[in-house]
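Undergrad: Please see the structure below; I have some questions.
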């Protein structure tokens with residue numbers, strides 16, 4: 001994730017005038033027409049647009065993310081975490097009586113395990129179809145069955161690729177939880193142990 005404040009060289013409390021001044025100063029040297037770096041100029045412009053838009057700036061300040069500045073992997077991870085955060089908010093248990101971060105990690109781990117199992121099942125089905133294809137004599141001319149079976153193999157391969165992408169997104173979300181801890185109240189620990 002690119003930090004727009006760092007890119008523009010302004011403090012988080014900077015007002016619109018300070019942001020505009022910083023952008024103009026840095027954009028002069030980075031502009032491609034004056035021999036500057038195209039990538040840097042693009043990041044400067046995107047950072048300026050983000051900080052100049054009060055709503056986008058608030059979202060960035062609150063979450064640390066902006067769709068235009070974030071790596072697409074981070075965005076997919078955020079979507080997954082958003083669901084888990086909603087579940088945490090809706091959980092009726094008292095804060096401190098359970099560890100929501102550990103619960104999120106468990107749910108993400110379960111999702112990965114389920115997705116991997118699903119991939120194994122799909123690979124088994126695809127292998128069975130290929131085995132049928134290898135054993136089936138081809139009808140001269142219009143090989144309807146062969147085309148249908150090959151199409152099914154293709155569909156299964158696409159589903160496997162989609163599941164592998166989902167695993168990567170879940171792992172990205174899991175990595176975004178690194179470094180978080182949660183303090184459980186001692187009374188809750190004793191109560192949980194007694195139950």
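Undergrad: Output the number of residues of the stretch 13-23 satisfying the condition of being in contact (Cβ under 8 Å) with a residue 12 or more places away in the chain and loosely packed, with under 12 Cβ neighbours inside 10 Å.
TA: The qualifying residues number 1.
Undergrad: Please verify whether residue 46 is in contact (Cβ under 8 Å) with a residue 40 or more places away in the chain and either over 27 Å from residue 74 (Cα atoms) or within 23 Å of the chain's Cα centre (by Cα) (or both), treating the condition exactly as stated.
TA: The answer is yes for residue 46.
Per-residue answers, yes or no, for (1) closer than 21 Å to residue 168 by Cβ; (2) touching a residue at least 12 places away in the same chain (Cβ under 8 Å); (3) assigned to a helix (DSSP H, G or I):
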{"position": "25", "(1), (2), (3)": "no, no, yes"}
{"position": "28", "(1), (2), (3)": "no, no, yes"}
{"position": "33", "(1), (2), (3)": "no, no, yes"}
{"position": "57", "(1), (2), (3)": "no, no, yes"}
{"position": "67", "(1), (2), (3)": "yes, no, no"}
{"position": "74", "(1), (2), (3)": "yes, yes, yes"}
{"position": "88", "(1), (2), (3)": "no, yes, yes"}
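Undergrad: Does at least one position in the stretch 35-54 carry a residue that is modelled with pLDDT of 90 or more, within 30 Å of residue 110 (Cβ to Cβ) and in a helix (DSSP H, G or I)?
TA: no
Undergrad: Go through (1) assigned to a helix (DSSP H, G or I); (2) farther than 25 Å from residue 78 by Cβ for residue 137 and report which single condition fails.
TA: (1)
Undergrad: Let me ask another. Given the structure, is residue 111 surrounded by 14 or more Cβ atoms within 10 Å (Cβ to Cβ) and within 16 Å of the chain's Cα centre (by Cα)?
TA: Yes; evaluated as a whole, the condition is true for this residue.
Undergrad: For the stretch 157-171, indicate whether the set of residues that are surrounded by 15 or more Cβ atoms within 10 Å (Cβ to Cβ) and either modelled with pLDDT under 90 or part of a loop (DSSP other than H, G, I, E, B) (or both) is non-empty.
TA: no
Undergrad: Quick one: count up the residues across the stretch 39-64 that are more than 23 Å from residue 27 (Cβ to Cβ) and crowded, with 16+ Cβ neighbours inside 10 Å.
TA: 0
Undergrad: Let me ask something else about it. Look at residue 94 and say whether it is touching a helix residue (DSSP H, G or I) at 6+ places or on another chain (Cβ under 9 Å) and part of a loop (DSSP other than H, G, I, E, B).
TA: Yes; evaluated as a whole, the condition is true for this residue.
Table: residues versus (1) outside the structural domain of residue 150 (by TED's automatic domain parsing); (2) modelled with pLDDT under 90.
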| site | (1), (2) |
| --- | --- |
| 76 | yes, yes |
| 82 | yes, yes |
| 91 | yes, no |
| 94 | yes, no |
| 104 | no, no |
| 112 | no, no |
| 120 | no, no |
| 128 | no, no |
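The values are calculated or read from the model by the stated rules, or taken from the named source; none is laboratory data. Nothing here was measured: the structure is a model prediction, and the numbers come from that model. No Cβ is skipped: glycine too gets one built from the backbone with ideal geometry, and neighbour counts run over all protein chains shown.
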